[in-house]
Amino acid sequence: MIRSDRSRMLATVPADAVDPAAAALARMRATATSSKRRRSARIVPRFSGSRPDSRDPAPMGRALDQWVRDNGYSEELAVSGLLARWHEVVGPQIAEHVAVAEFRPAAGGGTVVLRADSQAWALELRYMTDSLLRRIKEELGSGLVSKIDILGPATSRTGGRLRVRSGRRSPRR
């Protein structure tokens, strides 16, 4: 019954009259068929098969290593690894008295700043600079660190019972 009503309505419309809904439907159908053809021409089916492909899942470690290299975090991670393994790198006796204060990156190799808890340990480390630098380069790689700076204790020893104020000995009271 509905079809006969529709056909009767279309029969009463003059042939030269434009039906906006029919015209819109025809445009949408033409656009859909032409875009299907364009889409199907662009899509080339690719099958992975049994060989490795760039779309295959990668192990997490390899993916993280690639991300670290791409974003420039290699140097920071290497230095933080040195801080985490400081006891292993220099040994427990030195690690008790010496800590890494900072790392100053540079183009030709950065500087590791070490802080000793006494002037005696700072002097001992100055004698050991070459062997420490060699050991750090073994851990981090040769291009990351090129110099070691050694600082004494952070606190000054200006107080106390035996202190000379003016450069000469003051009388006792």
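For the range 69-77, the count of residues that are among the aliphatic types (A, V, I, L, M) and open to solvent by less than 80 Å² (accessible area, probe 1.4 Å) is zero. Within the range 69-76, is there a residue that is among the aromatic types (Phe, Trp, Tyr) and modelled with pLDDT under 85? Scanning the range 69-76, I find at least one residue that is among the aromatic types (Phe, Trp, Tyr) and modelled with pLDDT under 85, so the answer is yes.
Using the structure shown, decide if ARG169 is open to solvent by 30 Å² or more (accessible area, probe 1.4 Å) and either in contact with a helix residue (DSSP H, G or I) (Cβ under 8 Å, 6 or more places away or on another chain) or at pLDDT 90 or above (or both). No; evaluated as a whole, the condition is false for this residue.
Table: residues versus (1) of a type in the set (Ser, Thr, Tyr); (2) more than 13 Å from VAL90 (Cα to Cα); (3) in a helix (DSSP H, G or I).
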position: VAL113; (1), (2), (3): no, yes, no
position: ALA120; (1), (2), (3): no, yes, yes
position: LEU132; (1), (2), (3): no, no, yes
position: ARG135; (1), (2), (3): no, no, yes
position: GLY143; (1), (2), (3): no, yes, no
position: SER146; (1), (2), (3): yes, yes, no
position: ASP149; (1), (2), (3): no, yes, no
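TYR127 meets each of the listed conditions (1) under 20 Å from the mean Cα position of the chain (by Cα); (2) modelled with pLDDT of 90 or more apart from (1).
For GLY152, the test of being more than 27 Å from the chain's Cα centre (by Cα) and at pLDDT 85 or above is passed.
Got at least one residue in the range 96-117 being in contact (Cβ under 8 Å) with a residue 60 or more places away in the chain, at positive phi and open to solvent by less than 80 Å² (accessible area, probe 1.4 Å)? Within the range 96-117, not a single residue is in contact (Cβ under 8 Å) with a residue 60 or more places away in the chain, at positive phi and open to solvent by less than 80 Å² (accessible area, probe 1.4 Å).
The values are calculated or read from the model by the stated rules, or taken from the named source; none is laboratory data. What you are looking at is a predicted structure, and each value in this text was computed from that prediction instead of being measured. Note that we place each Cβ from the backbone using ideal geometry, even for glycine, and neighbour counts take in every protein chain shown. Side chains included, ligands, DNA and RNA excluded: accessible areas come from the protein's heavy atoms. Shrake-Rupley method; radii C 1.70, N 1.55, O 1.52, S 1.80 Å.
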